[in-house]
1. Which residue pairs have Cβ atoms closer than 8 Å, lie 6 or more positions apart in sequence or on different chains, and pair a first residue in region 127-138 that is aliphatic (A, V, I, L, M) with a second residue that is assigned to a helix (DSSP H, G or I)?
2. Within region 80-92, can you find the residues that are surrounded by 15 or more Cβ atoms within 10 Å (Cβ to Cβ) and closer than 19 Å to His136 by Cβ?
3. Within region 102-120, how many residues turn out to be part of a loop (DSSP other than H, G, I, E, B) and at pLDDT 75 or above?
4. Name the one entry in Ile81, Ile106, Ile41, Ile70 that is touching a residue at least 40 places away in the same chain (Cβ under 8 Å) and within 25 Å of Val135 (Cβ to Cβ).
Amino acid sequence: MEVSVDSLREHIPYYLTQDQKEGLKRALEDSGNKRERPPNIVFAPIISLSRYRELLVSRGLPADVVSSKIGSIKRQEVTSIFYLPRGGGLFDEYIAYFDDIHTIPIAYFDCLDYEQNLFTLSQFGFYLFLFKISVHFCRFHENVTRDSV
């Protein structure tokens, strides 16, 4: 899929005011995206949910507290953790911490021989992922107007 300004315009959030939409369109049109240095890939490592459970138990948490924490994670109620259920190429349940982000140069992947993704999110999973990273990184729930002064 080719990403162009026109294709991005279709996805501008409906809730923006007309001035905000126009500002975003102008910013997209100005994004020649010339890079002065090679880009990095940003990622959050995934860990198995069972290992996380073991960690909680090893720290002496009572079984009901551990169960409650795991339940909250599975219901996607913890904004800093993304739960990945078994399926879509995953053979176990995993979590990713949004507050444990790493980068690696994109050139690292040039020498790797891989032909397919390890797993793929469903459409719902993808939208849930976008929503959760927006909440985590943009802090929408803080109710701060971010207009320029």
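1. Val135/His141
2. The answer is Ile81, Phe82, Tyr83, Leu84.
3. So the answer is 3.
4. Ile41
The values are calculated or read from the model by the stated rules, or taken from the named source; none is laboratory data. All values reported here derive from a predicted model rather than from experimental measurement. Neighbour counts are summed over all protein chains in view; Cβ atoms, including those assigned to glycine, are modelled from backbone coordinates with ideal geometry.
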